[in-house]
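The values are calculated or read from the model by the stated rules, or taken from the named source; none is laboratory data. Treat the numbers as computed from the prediction; the structure is a model and nothing was measured. Don't worry about glycine lacking a Cβ; one is built from the backbone with ideal geometry, like all the others, and counts go over all protein chains shown. Areas reflect the complete protein model, heavy atoms only, side chains present, ligands, DNA and RNA absent. Shrake-Rupley method; radii C 1.70, N 1.55, O 1.52, S 1.80 Å.
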Amino acid sequence: MNKTHTLLPTPRTVHWGHFDAALSPVLEIESGDTVVVDTVSGGLEDAIQPERMRPEHRLIAETVPQIMGPHILTGPIAIRGAQPGDTLEVRILDIELTQDWAWNVIRPLKGTLPEEFPHLSRRVIPLNRQAGIAHLPWGADIPLRPFFGIMGVAPPASYGRVSSIEPREFGGNIDNKELIPGSSLFLPVFVPGALFSAGDGHAVQGDGEVCLTALETSMKGRFQFVLHKAPLNFPRALTPTHYIAMGMDPDLDDAARQALRHMLDWIVALKGWSREQAYVFCSLACDLHVTQLVDGNKGIHAMVRRELLDPLRT
């Protein structure tokens, strides 16, 4: 029988700013198990008002070393039997905001327009969780659409320790706002156990994440982990409405080509069409969206509506 586990954020169960195949798992589960993963977001400076932090969040911010990147990640979680060459399906069952505030920061030399915004600027934004609204102090209300910016497995051991900033083939800082409850993220496995971690909660984000950060906040997710004994070379996702293939590269054009090629591979495998037929289909029915512009490796995600490819929906 499949089990449900809870993984709380503590100094023992988080790693701050990096992925590393050498990290020891803080929880080991079976394929098919569900884990409620609780996460926190930001250091003492990001919160601006540290007294508003949950006690465990403040303890982490005061005691856990920040290495390389800014993201506090809960995990890693090992899935028994996972081996390099497998695929880990992460079913996003539910996402819950856990506090009534979020933060946003502009950093010098970062973001999409660093020459126009060369200053450090921080702000805390109140969240109305009941109404599902963020109240911006200059007069705009934005509906919340929470998702995890970071979901990833351990990188290949040969990479050593890598920053949490750049998304790569193991997932990580994907920042894809389409990964809402009801979606599945598929990740290639590079090390025994897969070693999944999550964090970087976003209450809401536009495609692009142009000023560097979204509405960053703490949240918990309920994930079911399903191991597939089949290879995958790059993250992809299935949402309630779309097939999503991804590309990540410092050059946005190359990221777009990468995402398109991954979508062509997927369509050919699904439908048995020739690659040229899939290419024509994508010109008519595939939308390329900018995922984010600010994480070193820029992101493009290619989206095709499920009813166009899924025979059960036609």
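Place a +1 charge on the Cβ of each Lys and Arg in the chain and a -1 charge on the Cβ of each Asp and Glu, then give the dipole magnitude about the Cα centre in debye, rounded to the nearest 20.
520
Every cysteine in the chain with no other Cys Cβ under 4.7 Å from its Cβ, please list them in numeric order.
Here Cys211 come out as lacking a disulfide-compatible partner, given the Cβ-Cβ threshold of under 4.7 Å.
I want to verify the translational diffusion coefficient of region 40-107 in µm²/s; compute it with Stokes-Einstein, Rh as the Kirkwood radius over Cα pairs, at 20 °C and 1.002 mPa s.
Approximately 144 µm²/s, per Stokes-Einstein.
Please sort by residue number the GluC sites (Glu not before Pro) in region 50-154 whose DSSP state is loop and whose Cβ has at most 16 other Cβ atoms within 10 Å.
Passing sites in region 50-154 are Glu115, Glu116.
Looking at region 133-191, I'd like the Rg to Rh ratio, where Rg is from alpha-carbon atoms and Rh is Kirkwood's inverse mean 1/r.
Answer for region 133-191: 1.14.
With semi-axes √(5λ) of the Cα gyration tensor in Å as the read-out, I listed [x] 30, 24, 19; [y] 55, 35, 13; [z] 33, 23, 18; which label goes with the value calculated from this structure?
Among [x] 30, 24, 19; [y] 55, 35, 13; [z] 33, 23, 18, the one derived from this structure is [x].
In nm, to one decimal, how far is the modelled label at Asp287 from the one at Ala157, with both set 7 Å along Cα→Cβ?
According to this spin-label approximation, the distance is 4.3 nm.
Suppose the Debye formula is applied to equal point scatterers at every Cα of region 227-314; what is log10 I(q)/I(0) at q = 0.11, 0.20, 0.24 Å⁻¹?
-0.30, -0.93, -1.22
Once both labels are modelled 7 Å past Cα along the beta-carbon direction, what's the Ala269-Ser121 spacing in nm?
4.3
Just want the answer: with Cβ charges of +1 for Lys and Arg and -1 for Asp and Glu, which residue in Gly43, Ala269, Ile125 is farthest toward the dipole's positive end in the chain?
Looking along the dipole axis, the top candidate is Ala269.
Karplus couplings for region 32-40 from phi (6.51 cos²θ - 1.76 cosθ + 1.60, θ = phi - 60°), rounded to Hz, Gly and Pro as x?
Each residue of region 32-40 in turn: x, 6, 10, 10, 8, 9, 9, 10, 10 Hz.
For region 151-178 and region 77-133, what is the separation of their Cα centres, given in Å?
14
Compute, for region 232-314, the length of the dipole vector about the Cα centre, with Cβ point charges of +1 (Lys, Arg) and -1 (Asp, Glu) only. Units Debye, rounded to 20.
The calculated dipole for region 232-314 is roughly 320 debye.
Looking only at region 196-229, which residues have a backbone nitrogen under 17 Å from a spot 7 Å from the Cα of Ile48 in the C-beta direction?
What the label zone holds, given the 17 Å backbone N cut-off, is 203-204, 211-218.
For Thr112 and Glu28, what does the FRET efficiency come to when R0 = 45 Å and r is the distance between their Cβ atoms, rounded to the nearest 0.05?
Plugging the Cβ-Cβ distance into 1/(1 + (r/R0)^6) gives 0.65.
Answer with one residue from Gly32, Val14, Val64: the one whose Cα lies farthest towards the positive end of the charge dipole of region 14-65, charges on Cβ with Lys, Arg +1 and Asp, Glu -1.
Val64
Using a 1.4 angstrom probe, figure out how much accessible area region 24-77 has per residue, in square angstrom, rounded to the nearest whole.
Per residue, region 24-77 has an accessible area of 41 Å².
Contact order normalised by length for the chain, with contacts defined as Cα pairs under 8 Å and 6 or more residues apart; what percent is it?
Computed value for the chain: 22 percent relative contact order.
Using 31 Å as the Cα-Cα cut-off, could you pick out the over-long pairs in Lys3/Lys298; Lys3/Lys229; Lys110/Lys229; Lys220/Lys271?
Lys3/Lys298; Lys110/Lys229; Lys220/Lys271
How are the Cα pair distances of region 1-124 distributed, in percent, across 10 Å bins from 0?
11, 34, 32, 18, 5, 0
Dividing the alpha-carbon radius of gyration of region 72-185 by 2.2 N^0.38 Å (N being the number of residues), what value is obtained?
1.31
How big is the dipole moment of region 1-152 about its Cα centre under a simple scheme where the beta carbon of each Lys and Arg is +1, that of each Asp and Glu is -1, and everything else is neutral? Debye, nearest 20, please.
For region 1-152, the charge dipole is close to 220 debye.
I'd like to know which of Ile244, Phe186, Gln224 lies farthest towards the positive end of the charge dipole of region 185-266, counting +1 on Cβ of Lys and Arg and -1 on Cβ of Asp and Glu.
The one lying farthest along the dipole's positive direction is Gln224.
Between Trp138 and Thr241, what is the spin-label point distance in nm, taking each point 7 Å from the Cα along the Cα→C-beta axis?
2.9
What percent do you get for the relative contact order of region 1-92 when only Cα pairs under 8 Å and 6+ apart count?
45
Heavy atoms only, 1.4 Å probe, whole protein assembly: order Thr4, Thr291 by accessible area, highest first.
The ranking, largest first, comes out as Thr4, Thr291.
Between Leu8 and Lys229, what's the calculated FRET efficiency when r is the beta-carbon distance and R0 is 30 Å? Round to 0.05.
Using R0 = 30 Å, I get an efficiency of 0.45.
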